[in-house]
Amino acid sequence: MNIDSITNGIVIDHIKAGKGMELYKFLGLDAYEGSVALIKNVPSKKMGKKDIIKIDSLLDIDLNALGYIDPNITINIIKNEVRTEKYHPELPERITNIIRCKNPRCITSTEQELPHIFKLTDKVGPVYRCLYCETKAQ
Amino acid sequence: MRSVIDILDLSVSEIERLISVANDIIADPKKYSECCRGKKLATLFFEPSTRTRLSFEAAMYELGGNVIGFSESQSSSASKGESVSDTVKVVSYYADIIAMRHPKEGAPLVASLKAGIPVINAGDGGHNHPTQTLADLLTIKREKGTFDGLTVGLCGDLKFGRTVHSLINALSRYNNIKFVCISPDELRLPDYVRHASPQGNNMSFYETKDLEEVIGGLDILYMTRVQRERFFNEADYIRLKDSYILTPEKLKTAKNDLCIMHPLPRVNEISVAIDDDSRACYFKQVMYGKYMRMSLILMLLGITVS
């Protein structure tokens, strides 16, 4: 299977096999009109199998938010066909409207317009808690 | 705009300042009797509360201010489906400060993000009740003179009791605090409360099911109610309920300067026979709660009295 190399863009590597589509949707790439490749079940020495996303543009997206979904992924930034950055996303301090608070006593359960915001309270785990009621994210 | 939603919104030095002002109000209430003249407190109580609402209202009146508000959601526009955000935006044009109680957890935080005036959380579901903790802290300070080095017994429902969780959070910022957690297995202190507390120097926890085993070593005994509905089966409730009722008999081995506290309302977890004991401080807590609310209102309105 051939995927063209990227001149300027982002390669999200070491995605846990099967999680690629979740990241694809999370990044809103289904609405993006440029070239994107979602490659599933690529053989990997380290992981056995992995998913990869290649975006043929340096999109302005919050890649660190990906750390909530899969902190082990690798983000590669490509400029003029050269990899200029390679890093693991940090756990975001806050995530908004990615997960919903399940606590029926939380104010978000009755006030539908409120954003569902979770804050990082413990990097081990990691543990995220609802900004409003402090219920642990499931 | 500064609001107080959680006791940890206040630093240790701010709590010291609040206590200092409250002590000054107690010493010379006249000095403060006009300092909120022209100011209005809005008490937005989306669920009924006797003690807390009256305490806030008494606090504002004793500062010379006025009070507007409602005491249940049925008498507010919430009954027409208005959001908390819209309600507080509107109230911001009528009042200078808000005290809010709401059955939904996090509602006062939402209010504080939207209101253009300070918001005090007067209780949000089973979540936070910071002014109760301020009342507890003033009681401890006045009765024991210090927060450091105290052995604090917490008895009853340590799982769902929000006042216990907030008190642990507040006290864990001081030195050498020993918490003695006295509860049935069903109502043990959740691990997350212990781990989420700011870690003070030499803070420790000891757990037991037996109040009489530990009562002799306590400086503070903070009682809470063991509620029937918290148990999975009736038999367990019946077996355990009397273990956590404080009686003169159980106080026999307690220290002479033990400080017995309770956030109230009490049902039967402290025998009325103890009310006249000099160690009973739970009604003083109510009084101190009003003074701490006065102190907090002054702080949030930026009013200083020389």
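Test residue A:46 against the stated conditions and say whether it is open to solvent by 80 Å² or more (accessible area, probe 1.4 Å) and modelled with pLDDT of 90 or more. Answer is no for this residue.
When you look at residue B:98, is it part of a strand (DSSP E or B) and either acidic (Asp, Glu) or more than 14 Å from chain A (Cβ to nearest Cβ) (or both), yes or no? I'd like the intermediate steps shown before the answer.
Numbers: part of a strand (DSSP E or B): yes; either acidic (Asp, Glu) or more than 14 Å from chain A (Cβ to nearest Cβ) (or both): yes.
For residue B:98, the condition - part of a strand (DSSP E or B) and either acidic (Asp, Glu) or more than 14 Å from chain A (Cβ to nearest Cβ) (or both) - is met.
Determine the pairs where a residue that is within 24 Å of residue B:39 (Cβ to Cβ) and within 14 Å of another protein chain (Cβ to nearest Cβ), located within the stretch B:69-90, has a partner that is open to solvent by 60 Å² or more (accessible area, probe 1.4 Å) and in a helix (DSSP H, G or I) with Cβ atoms under 6 Å apart, the partner being 6 or more residues away or on another chain. Once the first residue is within 24 Å of residue B:39 (Cβ to Cβ) and within 14 Å of another protein chain (Cβ to nearest Cβ) and sits in the stretch B:69-90, its partners that are open to solvent by 60 Å² or more (accessible area, probe 1.4 Å) and in a helix (DSSP H, G or I) give B:85/B:114; B:88/B:114; B:89/B:114.
Identify the residue in the stretch B:108-145 that is out of contact with any strand residue (DSSP E or B) (no Cβ under 6 Å at 6 or more places or on another chain) and within 14 Å of another protein chain (Cβ to nearest Cβ) and, among all such residues, is least open to solvent (accessible area, probe 1.4 Å). Filtering the stretch B:108-145 for residues that are out of contact with any strand residue (DSSP E or B) (no Cβ under 6 Å at 6 or more places or on another chain) and within 14 Å of another protein chain (Cβ to nearest Cβ), the one least open to solvent (accessible area, probe 1.4 Å) comes out as B:110.
Would you mind finding the one in B:106, B:69 that is of a type in the set (Gly, Ala, Ser) and within 21 Å of residue B:295 (Cβ to Cβ)? Of the residues listed, the single one that is of a type in the set (Gly, Ala, Ser) and within 21 Å of residue B:295 (Cβ to Cβ) is B:69. Selection within the stretch B:24-70: residues that are within 19 Å of residue B:138 (Cα to Cα) and polar (S, T, N, Q). The member of this set that is modelled with the highest pLDDT is B:55. When B:72, B:34, B:105 are checked against the criterion of being under 25 Å from residue A:103 (Cβ atoms) and open to solvent by 30 Å² or more (accessible area, probe 1.4 Å), a single residue qualifies: B:72.
Restricting to the stretch B:247-278, and then to whatever is of a type in the set (Lys, Arg) and open to solvent by 40 Å² or more (accessible area, probe 1.4 Å), can you tell me which residue is nearest to residue B:152 (Cα to Cα)?
The extreme case among them is B:255.
Counting only residues that are in a loop (DSSP other than H, G, I, E, B) and open to solvent by less than 20 Å² (accessible area, probe 1.4 Å), the stretch A:114-138 holds 4 of them.
Restricting attention to the stretch A:79-113 and to residues that are facing another protein chain (nearest Cβ under 9 Å), in a loop (DSSP other than H, G, I, E, B) and under 24 Å from residue A:126 (Cα atoms), the residue that is nearest to the chain's Cα centre (by Cα) turns out to be A:101.
To keep it simple, each residue is scored yes or no on (1) hydroxyl-bearing (Ser, Thr, Tyr); (2) modelled with pLDDT of 90 or more; (3) in a loop (DSSP other than H, G, I, E, B); (4) surrounded by fewer than 21 Cβ atoms within 10 Å (Cβ to Cβ).
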residue	(1), (2), (3), (4)
B:147	no, yes, yes, no
B:163	yes, yes, no, no
B:166	yes, yes, no, no
B:170	no, yes, no, no
B:179	no, yes, no, no
B:212	no, yes, no, yes
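Results for (1) on the phi < 0 side of the Ramachandran plot; (2) in contact with a Leu (Cβ under 8 Å, 6 or more places away or on another chain); (3) outside any helix (DSSP H, G or I), shown as yes or no for each residue.
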residue: B:18; (1), (2), (3): yes, yes, no
residue: B:31; (1), (2), (3): yes, no, no
residue: B:36; (1), (2), (3): yes, yes, yes
residue: B:43; (1), (2), (3): yes, no, yes
residue: B:49; (1), (2), (3): yes, no, yes
residue: B:58; (1), (2), (3): yes, no, no
residue: B:61; (1), (2), (3): yes, no, no
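One residue alone among B:288, B:282 is of a type in the set (Phe, Trp, Tyr) and closer than 22 Å to residue B:10 by Cβ, and that residue is B:288. Pairing residues of the stretch A:117-138 that are more than 10 Å from chain B (Cβ to nearest Cβ) with residues that are of a type in the set (Asp, Glu) and open to solvent by 40 Å² or more (accessible area, probe 1.4 Å), at Cβ distances under 7 Å and at least 6 apart in sequence or on separate chains, gives A:119/A:93; A:120/A:93. With a requirement of 1 or more residues that are free of Cβ contacts under 8 Å to residues at least 12 places away in the same chain, the strands (runs of 3 or more DSSP E) lying completely within the stretch A:1-70 that satisfy it span A:36-44.
Restricting to the stretch B:279-289, name every residue that is under 26 Å from residue B:123 (Cβ atoms) and open to solvent by 30 Å² or more (accessible area, probe 1.4 Å). The answer is B:283, B:284, B:286, B:287.
The values are calculated or read from the model by the stated rules, or taken from the named source; none is laboratory data. Small disclaimer: the values here were computed from a predicted structure and weren't measured. In this analysis, Cβ positions are derived from the backbone assuming ideal geometry, glycine residues included, and neighbour counts consider all displayed protein chains. Please note that ligands, DNA and RNA were not included when accessible areas were found on the heavy atoms of the full protein model with its side chains. Shrake-Rupley method; radii C 1.70, N 1.55, O 1.52, S 1.80 Å.
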